[in-house]
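The values are calculated or read from the model by the stated rules, or taken from the named source; none is laboratory data. Quick caveat: nothing in here was measured; it's all calculated off a predicted structure. Quick reminder, even Gly has a Cβ in these numbers, built from the backbone with ideal geometry, and neighbours come from all protein chains shown.
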Amino acid sequence: MNIEAEKIELLKLILETEDEAIIQQLKVVFKKKETDFWDELPDHVKERINRGLEDVAAGRVRSHEDVMQEIKMQYGINH
């Protein structure tokens, strides 16, 4: 079935339903499609993400293994 046929079938289902919950769920789906998660993040989170991306671009990163080894040494963990 092509996209146009799918749309028509969906439209028929929408027009036939009397269930308001289904209509509300469809609205939520379409609204989520329109929004970008970035726009919903607080400014302080966006700033930290951007700072992290700058650190990566500048090579200011350490591997997970290096960090874990440092923590193990700092706290005397032998695992």
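Go through region 30-49 and give me each residue that's exposed (fewer than 11 other Cβ atoms within 10 Å of the Cβ) and either in a loop (DSSP other than H, G, I, E, B) or modelled with pLDDT under 95 (or both).
Matches in region 30-49: PHE30, LYS31, LYS32, LYS33, GLU34, THR35, ASP36, PHE37, TRP38, ASP39, GLU40, PRO42.
Against the condition over 22 Å from the mean Cα position of the chain (by Cα) and surrounded by 11 or more Cβ atoms within 10 Å (Cβ to Cβ), how does ILE3 come out, does it pass?
Taking the combined requirement at face value, the residue does not satisfy it.
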